[in-house]
Structure formats: structure tokens, C-alpha cells
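Take a look at the structure set out below.
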Amino acid sequence: MNTHTEENRARLQLWWSRLAAMTAKELIQFGRDTLLLFAIIYLFVFDTYMAGNVSMQLNNAVVVVHDADHSAASRELTYLFRPPHFKLGGEVLDNRAGQRLLDQGKALVVLDIPPDFGHDIKKGKPVAVQVQVDASNTVLGSLASSYAAQIIGQYGFDQALARLGVSERAMQNVPMIRDEHRVWYNPNQEDAWFMPIAELLTVITIMAIMLPAAAAVREKERGTIEQLLVSPLTPIQILLPKMISMTLVILLGTAVSLFAIMHLIFHVPMKGSLVLFFAVTTLYTFTTAGLGLYIATLSRNLAQVAMLAILVLMPMIFLSGAWTPPEAMPAGMREAMFLSPLYHFIEMGYGILLKGAGLDVLWDSLLSLVLLGIVIFSFGVWRFKRQFG
């Protein structure tokens with residue numbers, strides 16, 4: 001009885017020592033791979049930093065004016081288009097010149113003020129002002145159109161009140177509905193809080209697929225996979241060290257990106273539990289690593305890994321909500337989003353970091369990620385063992 005127990009204990013110690021030795025070997029081998037090291041540093045540091053400098057807000061959009069009236073009223077309206085949203089780009093002589101600037105991308109908005117604009121305003125006559133917007137970039141075009149409509153509408157409202165002789169004090173006594181916004185989690189609507197987190201979670205996805213696949217394929221390229229197969233190691237002892245070492249690398253890159261880039265430079269708040277965030281990241285890394293293992297079994301070299309990874313990554317990203325809000329997707333794609341592990345990871349990432357949410361709120365996303373992880377990881381391991389077992 002004691003002999004049997006000691007044999008099991010010795011086997012277990014041998015199993016763990018082999019696992020530790022193979023994990024150390026994977027980390028040393030990764031440290032010698034200049035290309036992968038460069039990819040890790042670039043994606044977790046420079047790519048996240050660049051994402052924090054990307055803004056989807058309307059800032060200093062160029063407005064050119066065709067003023068056919070040259071009255072005090074037209075000048076007053078023109079100078080309402082001021083920073084931070086707009087900046088005046090000068091005046092054009094006719095509408096065709098403004099259209100040409102729109103075509104060349106030198107202006108985002110053309111404001112066309114008709115003749116007798118000031119005269120008609122004073123007489124209380126309806127006046128039409130034309131606003132042409134370059135909407136080739138739909139986000140900026142929609143924002144420019146909306147802001148321009150608000151500026152012109154407010155100007156018309158102020159002119160109507162002035163004509164009726166109604167003062168601001170009198171308006172305070174008029175019953176009206178006041179629209180008061182309360183913005184939670186990102187009160188100033190900083191893109192530098194949203195974009196780096198989305199980019200980081202996408203980078204984690206890329207690395208979680210690419211690194212295990214690259215580690216396995218490099219064994220093929222160097223001819224060392226055959227040496228491992230004839231060694232006393234089981235397929236699991238070959239597989240797990242690659243997963244563990246790559247997960248440690250991803251967690252280290254995530255920590256650098258979180259603390260050195262997002263928190264230190266962009267002041268992104270981290271309201272929730274960082275332990276929970278890193279635990280979820282570890283789970284997600286193992287989940288998506290199953291896809292990397294499957295890709296490794298189909299590939300003969302690193303170039304094939306990259307090409308197949310793109311085929312897997314793009315649907316995951318498009319169905320994640322990182323680039324397109326779920327509400328803007330067709331009904332069928334909204335249903336398909338639940339099959340993307342990145343969708344659930346993004347839900348938990350924003351929930352933990354920006355909202356301070358815990359498992360009592362995020363349990364459904366965690367459960368979905370666990371179920372998807374079991375299926376994907378099991379499939380990847382089965383395929384790996386089938387080819388190399």
C-alpha cells in the first residue's frame with residue numbers, strides 16, 4: 001500500500017518536473033525569437049498607445065463659407081462655427097469652389113448663406129441655409145451634420161426670441177422641459193478611455209491564437225517536433241507548457257499595457273478587481289488558444305499560421321462589438337455574436353475596468369465564456385493529440 005502510494009507520488013513529481021522543465025524551455029525559446037518579441041512589444045505597447053490617440057469626436061473640422069449676403073447676421077452665423085468642433089477654413093466665391101474643396105478632402109463642411117439673409121431675418125421671413133457635408137467618413141459626417149443643425153437651429157431660435165422681444169430672464173419663467181444628461185462610467189466621453197481597452201482586448205485575442213500556433217509550428221520548421229514525439233513526454237506534456245508559457249507572456253504584456261500605457265498616460269480608471277480581470281484574461285487566453293492549436297495542426301510554417309489566423313480573427317472581431325456596436329448589426333449577426341468569445345471578453349473587460357462590476361453582474365458572460373472555452377479548447381487539444389499523439 002505504501003509502496004503503491006510512493007510510486008504514484010513519484011510519478012506525479014516526475015510529471016510536474018517535466019511540465020516545469022518544458023515550460024522553462026518554451027520561455028527560453030520564446031526569448032530567442034526576435035520576431036515574436038518585437039510583435040509582443042509593438043502590439044502591447046505601441047499599438048495600444050496609438051489607439052489611445054485616436055479620436056472619433058469632431059475636432060477642428062474645416063468649414064468653408066460661401067457668403068452671398070455679407071451682412072452682420074451672416075457674419076454672426078459664420079463665427080458660430082468655432083473650435084473645438086469646427087474651424088473656419090476661409091471663404092469661397094461660389095458654390096462650385098466649395099464643392100471642389102469637398103471633393104479634394106480639404107473641407108468637411110460648406111456653409112452656403114443666401115443673398116438677403118440678414119434682411120429676411122429682420123423681417124421675420126423663413127430663410128434656408130444650405131450645409132453640404134462630406135460624409136465619406138460616416139461618423140465624422142454625421143457628427144458634423146448634427147452639430148451644424150444644432151448651431152443653425154439655436155441661431156434661428158435666438159433671432160426669433162429677439163424679434164419677439166423676449167429676454168433670457170423672461171424665458172426662465174416659461175414652463176419647459178429641461179433635458180439634463182447624466183453620463184456614467186465615462187462622464188467626459190473620452191475616446192482615450194474606450195479605444196485603448198478595445199485595442200488591448202483585441203491584441204490579447206491575436207496573441208492568444210498566434211503564439212501557441214507559432215510555438216507549435218516552429219517545432220515543425222526546426223524539426224524538433226519529431227524529437228519531442230519520441231521522448232517520454234505525452235502529448236499533453238508537450239502541449240501544456242506551450243499554453244502556460246504563452247499565457248504568462250500575454251499576462252505580462254497585458255500588465256505593461258494596463259499600468260504603463262493606459263493608466264499612466266491616458267489615466268484610464270480601473271474601478272474593478274484587477275485580480276478578476278487577470279483571471280478572466282487567463283481563462284480567455286486558454287479558450288482562444290484552442291483555435292491556435294487547431295491552426296498549428298493545419299500549418300507547415302509561420303506564414304500559413306498568419307494566413308489562417310486572419311480567417312479566424314476577422315469574424316471574431318467583427319462579431320465582438322469592438323468595431324461596430326451590436327445594436328447596429330442585423331438580427332442574424334447579433335445572434336451570432338454570442339458565438340464569439342471576444343464578445344463576452346469585451347463585455348467583462350469594460351464591465352470590470354470602467355464600471356467596477358463583479359461576478360454578480362458578469363456571471364452570464366463568464367458562463368458563456370467557460371462553455372465556449374470548453375468546446376474550443378477541447379477541440380484544439382483533440383486535434384493536436386490526433387496529429388501528434
Exercise for the section: Would you calculate a helix-derived [θ] at 222 nm for the chain, using -39,500 (n - 2.57) for each DSSP H run of n ≥ 4 and dividing by the full residue count, to the nearest 500? Expected result: -21000 deg cm²/dmol
Fill in the blank from the handout: One quarter of the C-alpha convex hull surface, i.e. the mean projected area of the stretch 1-152 in nm², amounts to 17.1
Fill in the blank from the handout: Quick calc of log₁₀ I(q)/I(0), the stretch 87-195, Debye, one scatterer on every Cα, no solvent, q values 0.11, 0.16, 0.23, 0.24 1/Å, result -0.57, -0.98, -1.25, -1.30
Fill in the blank from the handout: For the chain, the helices passing both cut-offs (Cα extent along own axis of 20 Å or more, Kyte-Doolittle mean at least -1.0, full DSSP H runs) are 2-31, 138-164, 191-222, 235-256, 274-298, 302-318, 359-388
Handout entry: Rounded to the nearest 20 debye, dipole of the chain from Cβ charges on Lys, Arg, Asp, Glu
Key = 980
Exercise for the section: For an R0 of 30 angstrom, estimate the FRET efficiency from the Cβ-Cβ distance between Asn59 and Asn95 and round to the nearest 0.05. Expected result: 0.70
Practice task
Can you grab the distance from the C-alpha centre of the stretch 31-61 to the C-alpha centre of the stretch 358-389, Å, no decimals?
Solution key: 28
Handout entry: Protection proxy ranking of 134-141, 319-326 - average other beta-carbon atoms within 10 Å, highest first
Key = 319-326, 134-141
Problem - Value in Å of the Kirkwood radius, where the stretch 1-72 supplies the Cα pairs that are averaged - result: 18.9
Completion exercise
For His66, the residues 5 or more places away or on another chain with a placed amide H closer than 5 Å to its own amide H are Val92, Leu111, Asp112, Ile113
Exercise for the section: Could you state the orientation-averaged shadow area of the convex hull built on the Cα atoms of the chain, in nm² to one decimal? Expected result: 27.7
Practice task
Quote the FRET efficiency, to the nearest 0.05, computed for Ala135 versus Thr282 with a Förster distance R0 of 45 Å and r equal to the Cβ-Cβ distance.
Solution key: 0.55
Handout entry: Distant-in-sequence amide H partners of Ala357 (H built 1.01 Å from N, under 5 Å)
Key = Ile352
Completion exercise
Quotient of Cα radius of gyration and Kirkwood radius for the stretch 331-389, i.e. Rg/Rh, equals 1.13
Practice task
Give the dimensionless ratio obtained when the Cα radius of gyration of the stretch 218-375 is divided by 2.2 N^0.38 Å.
Solution key: 1.18
Exercise for the section: Would you mind computing Rg(Cα) / (2.2 N^0.38 Å) for the stretch 300-364, counting N as its residues? Expected result: 1.35
Exercise for the section: Take the alpha-carbon centre of the stretch 291-341, take the same for the stretch 107-163, and report the distance between them in whole Å. Expected result: 44
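Since every read-out is calculated from the coordinates, none of them should be taken as a lab result. Keep in mind the model is a prediction, meaning the values are calculated, not measured. Virtual Cβ from ideal backbone geometry, glycine too; neighbours counted across all protein chains shown.
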